[in-house]
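Following: one structure in structure tokens, then a few remarks.
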């Protein structure tokens with residue numbers, strides 16, 4: 001039987017699937033901020049290590065394995081179903097059907113009051129011979145299977161999600177950033193009704209407390225109808241890029257997916273399923289969501305993109321890059337690792353000294369001290385910057401031993417400074433993009449770990465060409481810099497005056 005709704009909303013246990021995904025991960029943060037009791041169901045619980053609060057449960061389970069679901073459902077009031085099989089190499093539609101049936105059956109048996117499902121908005125016109133793509137059809141059939149095996153399913157059907165990290169937005173970003181001239185198939189003209197990730201999360205959260213006692217489908221979207229082409233042009237406008245779009249009507253979904261696999265981070269098989277869906281308009285056909293959720297006023301396309309870019313900057317400002325590297329835990333040593341639109345070159349070194357001693361040479365970087373390796377290259381870069389109207393390295397430092405936020409450091413400016421722990425420098429030289437150099441020192445058994453990270457946010461194709469063009473130099477310069485900073489930390493104590501590394505450490509070490 002369904003659970004009683006007499007308890008307060010904060011007391012009710014919420015089961016969340018897909019917490020390691022894009023929407024699920026952000027929903028998890030929102031639920032925790034709201035003080036909700038959350039239990040995450042995951043096939044790989046280790047993927048949530050360090051990402052959940054102390055009050056959030058994590059249990060192992062798989063919607064394709066019904067025997068793993070009963071224990072996860074115990075005591076649950078509402079379950080979020082954010083599961084799909086688009087990335088599978090098998091029959092994704094069949095897997096989606098089985099997973100939905102297993103999940104809804106287990107929820108009914110456990111007395112779960114409500115299932116909230118995020119599906120796909122899609123419009124078909126059988127009279128015109130237009131059918132839903134296999135992906136969109138599967139997303140809507142998943143809702144049908146959930147309703148067939150559970151008495152109360154709230155299904156939210158959304159179009160393109162605008163937010164840094166979403167599949168559609170990252171595809172748009174990659175195309176616009178990398179291609180000054182874009183060959184555009186017919187699907188770039190198909191209309192959609194994009195929704196900002198913040199508004200999508202609002203709908204998901206407010207669905208918890210709806211007074212509905214029956215199943216209901218809500219079509220949600222922002223106020224603007226726009227094609228992928230128009231979304232790309234708006235993104236380009238906000239990034240200050242000029243892009244030429246040439247329509248090519250004969251480019252098939254298969255060829256489009258292979259093309260995307262070359263120029264965007266998407267896998268070709270995922271890209272093909274996504275592109276197949278783009279032939280269908282994804283527009284809201286009724287105002288039921290507006291009547292049911294009167295407190296939600298979705299933002300328009302321009303604001304959604306602006307917020308996505310601004311939020312990305314905020315996340316960048318608060319993120320430790322050791323958490324943003326590849327899943328293998330080791331960054332590439334040449335070329336950099338991607339984080340959103342940014343390229344990251346990060347490396348670490350262990351030093352058998354306390355953090356204060358490890359950080360001491362970092363606090364003196366630049367100015368008369370120099371950059372600990374190949375200072376002649378840094379000076380050449382500064383001279384080149386002067387030639388194009390930049391600041392060069394002539395500004396030096398305010399003080400040779402201490403720093404504070406806002407200080408200049410040659411052609412960098414101190415953006416963040418925590419004594420004995422962290423230094424982040426923002427580049428002020430002329431660049432086709434934005435760049436940062438960051439140092440972090442953390443205590444570890446037996447000493448300290450120094451992490452040195454170079455980050456670059458390329459502006460368009462020229463920015464990418466610049467990064468990869470100087471990557472060979474990055475390999476030698478950044479490796480040598482970290483090596484000599486580590487050596488300087490080991491060869492001095494915090495209170496000792498040290499000779500300038502510019503004089504002793506500017507050549508490659510043996």
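The values are calculated or read from the model by the stated rules, or taken from the named source; none is laboratory data. The model shown is predicted, which means the values in this text are computed figures rather than measured ones. Cβ: placed from backbone, ideal geometry, glycine included. Neighbour counts: every protein chain shown.
(1) outside any helix (DSSP H, G or I); (2) farther than 16 Å from residue 14 by Cβ; (3) in contact with a strand residue (DSSP E or B) (Cβ under 7 Å, 6 or more places away or on another chain); (4) modelled with pLDDT of 90 or more: which one isn't true of residue 122, the others all being true?
Of everything listed in (1) outside any helix (DSSP H, G or I); (2) farther than 16 Å from residue 14 by Cβ; (3) in contact with a strand residue (DSSP E or B) (Cβ under 7 Å, 6 or more places away or on another chain); (4) modelled with pLDDT of 90 or more, residue 122 misses just condition (4).
Testing residue 127 on (1) at positive phi; (2) modelled with pLDDT under 95; (3) surrounded by fewer than 17 Cβ atoms within 10 Å (Cβ to Cβ), one condition comes back false. Which one is that?
Status for residue 127: all satisfied but (1).
Kindly indicate whether any position in segment 133-152 is modelled with pLDDT of 80 or more, touching a strand residue (DSSP E or B) at 6+ places or on another chain (Cβ under 8 Å) and not in a helix (DSSP H, G or I).
yes
What strands (runs of 3 or more DSSP E) lie completely within segment 180-249 and have 2 or more residues being in the same structural domain as residue 136 (by TED's automatic domain parsing) and modelled with pLDDT of 95 or more?
Details: elements: 181-184, 216-220, 244-247.
Where strands (runs of 3 or more DSSP E) fall fully within segment 180-249 and carry at least 2 residues being in the same structural domain as residue 136 (by TED's automatic domain parsing) and modelled with pLDDT of 95 or more, they are 216-220.
One residue is enough: does segment 50-57 have a residue meeting the conditions surrounded by fewer than 18 Cβ atoms within 10 Å (Cβ to Cβ), assigned to a helix (DSSP H, G or I) and assigned by TED's automatic domain parsing to the domain that holds residue 164? Outline the logic, then answer.
Going through segment 50-57, the residues surrounded by fewer than 18 Cβ atoms within 10 Å (Cβ to Cβ) turn out to be 50-51, 53-55, 57.
Subsequent filtering for residues that are assigned to a helix (DSSP H, G or I) retains none.
No, that holds for no residue.
Out of (1) crowded, with 18+ Cβ neighbours inside 10 Å; (2) out of contact with any strand residue (DSSP E or B) (no Cβ under 7 Å at 6 or more places or on another chain), what's the single condition that is false for residue 359?
All conditions pass for residue 359, except number (2).
Is it the case that residue 403 is free of Cβ contacts under 8 Å to residues at least 60 places away in the same chain, assigned by TED's automatic domain parsing to the domain that holds residue 449, under 19 Å from residue 450 (Cα atoms) and in a loop (DSSP other than H, G, I, E, B)? Spell out the reasoning first.
Details: free of Cβ contacts under 8 Å to residues at least 60 places away in the same chain: yes; assigned by TED's automatic domain parsing to the domain that holds residue 449: yes; under 19 Å from residue 450 (Cα atoms): yes; in a loop (DSSP other than H, G, I, E, B): yes.
Against the criterion (free of Cβ contacts under 8 Å to residues at least 60 places away in the same chain, assigned by TED's automatic domain parsing to the domain that holds residue 449, under 19 Å from residue 450 (Cα atoms) and in a loop (DSSP other than H, G, I, E, B)), residue 403 qualifies.
Among the residues of segment 211-227 satisfying the criterion of being within 26 Å of residue 170 (Cα to Cα) and without any contact (Cβ under 8 Å) to a residue 60 or more places away in the chain, which is nearest to the chain's Cα centre (by Cα)? Working first, answer last.
As a first pass, look at segment 211-227 and keep what is within 26 Å of residue 170 (Cα to Cα): 218-227.
Now narrow it down to the ones that are without any contact (Cβ under 8 Å) to a residue 60 or more places away in the chain: 225, 227.
Numbers: 225: 25, 227: 23 Å.
Checked segment 211-227; the qualifying residue nearest to the chain's Cα centre (by Cα) is 227.
Would you check which residues across segment 374-395 are under 20 Å from residue 478 (Cα atoms), in a loop (DSSP other than H, G, I, E, B) and either under 33 Å from the mean Cα position of the chain (by Cα) or free of Cβ contacts under 8 Å to residues at least 40 places away in the same chain (or both) and list them? Before the answer, list the steps.
First pass over segment 374-395, keeping only residues under 20 Å from residue 478 (Cα atoms): 374-385, 392-393.
When the remaining residues are screened for being in a loop (DSSP other than H, G, I, E, B), the result is 374, 392-393.
Correct list: 392, 393.
Residues of segment 168-190 being surrounded by fewer than 17 Cβ atoms within 10 Å (Cβ to Cβ) and under 25 Å from the mean Cα position of the chain (by Cα), which ones?
If the condition is that a residue be surrounded by fewer than 17 Cβ atoms within 10 Å (Cβ to Cβ) and under 25 Å from the mean Cα position of the chain (by Cα), then 178, 180 are the ones that fit.
Please indicate, with yes or no, whether at least one residue in segment 63-78 is part of a strand (DSSP E or B), at pLDDT 95 or above, closer than 18 Å to residue 201 by Cα and assigned by TED's automatic domain parsing to the domain that holds residue 115. Steps first, answer last, please.
The initial filter retains those residues of segment 63-78 that are part of a strand (DSSP E or B), namely 65, 76-78.
If we keep only those that are at pLDDT 95 or above too, we end up with 76-78.
Okay, now just the ones that are also closer than 18 Å to residue 201 by Cα, so 78.
Still in the running and assigned by TED's automatic domain parsing to the domain that holds residue 115: 78.
The answer is yes, given that some residue of segment 63-78 is part of a strand (DSSP E or B), at pLDDT 95 or above, closer than 18 Å to residue 201 by Cα and assigned by TED's automatic domain parsing to the domain that holds residue 115.
One residue is enough: does segment 104-117 have a residue meeting the conditions modelled with pLDDT under 90, touching a helix residue (DSSP H, G or I) at 6+ places or on another chain (Cβ under 9 Å) and buried (at least 19 other Cβ atoms within 10 Å of the Cβ)?
First, pick out the residues of segment 104-117 that are modelled with pLDDT under 90: none.
No, segment 104-117 has no match at all.
Residues that are under 16 Å from residue 365 (Cα atoms), buried (at least 18 other Cβ atoms within 10 Å of the Cβ), in contact with a strand residue (DSSP E or B) (Cβ under 9 Å, 6 or more places away or on another chain) and at pLDDT 90 or above: does segment 488-497 have at least one?
The answer is yes; a qualifying residue exists.
State which residue is surrounded by the most Cβ atoms within 10 Å (Cβ to Cβ) when the search covers only segment 404-429 and only residues that are at pLDDT 90 or above and in contact with a helix residue (DSSP H, G or I) (Cβ under 8 Å, 6 or more places away or on another chain).
423
Can residue 270 be described as modelled with pLDDT under 65 and crowded, with 16+ Cβ neighbours inside 10 Å?
Details: modelled with pLDDT under 65: yes; crowded, with 16+ Cβ neighbours inside 10 Å: yes.
For residue 270, the condition - modelled with pLDDT under 65 and crowded, with 16+ Cβ neighbours inside 10 Å - is met.
Taking segment 450-478, which residues are more than 22 Å from residue 428 (Cβ to Cβ) and either without any contact (Cβ under 8 Å) to a residue 24 or more places away in the chain or crowded, with 17+ Cβ neighbours inside 10 Å (or both)? Even if it seems obvious, please write down each step before you answer.
Pass one, segment 450-478, residues more than 22 Å from residue 428 (Cβ to Cβ): 450-451, 461, 468, 472, 475-476.
Matches in segment 450-478: 450, 451.
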